[in-house]
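The values are calculated or read from the model by the stated rules, or taken from the named source; none is laboratory data. Quick caveat: nothing in here was measured; it's all calculated off a predicted structure. Heads up, the Cβs are rebuilt from the backbone with ideal geometry, glycines too, and the neighbour counts pull from every protein chain shown.
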Amino acid sequence: MWHGKKVAVIFPTYNEKDSIHQAILSYYATNLVDEVIVVNNNAAPGTSEEVAGTGAREIFESKQGYGNALLCGLDSTDANLIILSEPDGTFSGHDVIKLLAYSDDVPVVFGTRTTREFIWQGANMGKFLRWGNWAVAKMTEVLFNTTLLTDMGCTQRLLSREAVQQIRPHLTIGGSHFGPQVLLEVIEHGIPFVEIPMNYCARVGESSVTGSYWKAWKLGWRMIFLVLGYRFGLHPRNRTLWQASAAPPPHARQQQEDAHSNASLVALGLEVQKHEAKVPETLDSVTVKDLK
Ligand SMILES: Nc1nc2c(ncn2[C@@H]2O[C@H](COP(=O)(O)OP(=O)(O)OP(=O)(O)O)[C@@H](O)[C@H]2O)c(=O)[nH]1
Ligand SMILES: [Mg+2]
């Protein structure tokens, strides 16, 4: 729970049998996570046995793909704050509190894996991936004139229930570039967001996507075409903008409340002045009417 809001973590799993048990425990250890949902995407044999007994809820998605698995998880939770992550040892429960802290101010918090101080030894974030991700993220930031961005593909991120409801009908990608589509839909809907550094560690076991140079290269180009497609109108949709539909963020609410109480004080002052003008000479002459 975070400020009375239910928190869920979604783990898609394909080839993380050797790390998933520990990953689930590390998120529950925060005492902030109410539910871990494991989306078994035709995962390696033995995965279910590793999940059993951890307290996580295992669900199954037979349609192969990173995006399909995450969409299945998003559709299976009623949590108010939803954290997407991976159970391959690259992310840790340690960062949950950072995502939650920022969720007080913005409905979407993206992680970034390109901050040097947070990249651990053995992590799959060499120069090519780091600067490649950074370059596509910067291109997106400039083309959409949006908030600071330094990573396109960090799975670990937080979305509020309201943000998910707004973008969900527009999420169509079942494969590895699902992550950038979520980012682009958040931008297109005008949903406020921020990006913060995540610790990024070495993977346990074999990576099936960015571990291969050519797969990463191809994914990079698909991301670039996706961003350009969004920017130049190839994904026109009827989107309801966030401002039109959503409640103001807490700080704006606070400002409104302050403005309200200031207005009330001014009104009270005027009333007092009016009554002072009518104050009778002696208390004896005070009538019930004067007191009203
Ligand atoms: N490759 C693959 N991954 C899937 C699939 N369905 C879900 N996933 C999950 O997608 C996430 C990303 O896959 P990884 O193999 O870790 O790829 P990656 O994150 O690009 O590679 P690393 O940076 O080395 O972790 C993992 O949590 C997988 O379990 C699928 O059909 N294929
Ligand atoms: Mg991974």
Exercise. Among the residues of the range 39-60, how many are without any contact (Cβ under 8 Å) to a residue 24 or more places away in the chain and either of a type outside the set (Asp, Glu) or in a loop (DSSP other than H, G, I, E, B) (or both)?
Worked result: 6
Problem set entry | Filter pass, residue 103 being touching a residue at least 40 places away in the same chain (Cβ under 8 Å), surrounded by 21 or more Cβ atoms within 10 Å (Cβ to Cβ), closer than 17 Å to residue 183 by Cβ and within 16 Å of ligand 1 (Cβ to nearest atom) | no
For this session: Return the total of residues in the range 146-163 being under 21 Å from residue 239 (Cα atoms) and surrounded by fewer than 20 Cβ atoms within 10 Å (Cβ to Cβ).
Result: 4
Problem set entry | Where residue 147 falls short, out of the listed (1) modelled with pLDDT of 95 or more; (2) under 28 Å from residue 89 (Cβ atoms) | (2)
Exercise. Is there any pair with a first residue in the range 140-153 that is without any contact (Cβ under 8 Å) to a residue 60 or more places away in the chain and a second that is of a type outside the set (Ser, Thr, Tyr) and part of a loop (DSSP other than H, G, I, E, B) whose Cβ atoms are under 7 Å apart and which are 6 or more apart or on different chains, and what are they?
Worked result: 141/148; 141/149; 151/113
For this session: Mind telling me which of the residues 202, 135 ends up being at pLDDT 95 or above and over 29 Å from residue 233 (Cβ atoms)?
Result: 202
Exercise. In the range 14-53, which residue that is farther than 20 Å from residue 95 by Cα and of a type in the set (Ser, Thr, Tyr) is surrounded by the fewest Cβ atoms within 10 Å (Cβ to Cβ)?
Worked result: 48
For this session: Sort out which residues of the range 176-225 are assigned to a helix (DSSP H, G or I), in contact (Cβ under 8 Å) with a residue 12 or more places away in the chain, hydrophobic (A, V, I, L, M, F, W, C) and away from ligand 1 (no atom under 16 Å from the Cβ), and write them in order of number.
Result: 184, 186, 187, 224
Exercise. Conditions: (1) closer than 23 Å to residue 192 by Cβ; (2) away from ligand 1 (no atom under 15 Å from the Cβ); (3) of a type outside the set (Lys, Arg). Residue 49 meets all but one. Number of the miss?
Worked result: (1)
Problem set entry | Residues that are surrounded by fewer than 20 Cβ atoms within 10 Å (Cβ to Cβ) and within 19 Å of residue 155 (Cα to Cα), drawn from the range 1-13 | none
For this session: Quick one: which strands (runs of 3 or more DSSP E) lie wholly within the range 80-163 and hold at least 2 residues that are away from ligand 2 (no atom under 16 Å from the Cβ), in the same structural domain as residue 203 (by TED's automatic domain parsing) and among the β-branched types (Val, Ile, Thr)?
Result: 108-112
Seminar exercise, completed: Of the residues in the range 82-98, those that are modelled with pLDDT of 95 or more and among the polar types (S, T, N, Q) come to 85, 90
Exercise. For residue 60, are the conditions met, namely being over 18 Å from residue 179 (Cα atoms), modelled with pLDDT of 95 or more, of a type in the set (Phe, Trp, Tyr) and surrounded by fewer than 21 Cβ atoms within 10 Å (Cβ to Cβ)?
Worked result: yes
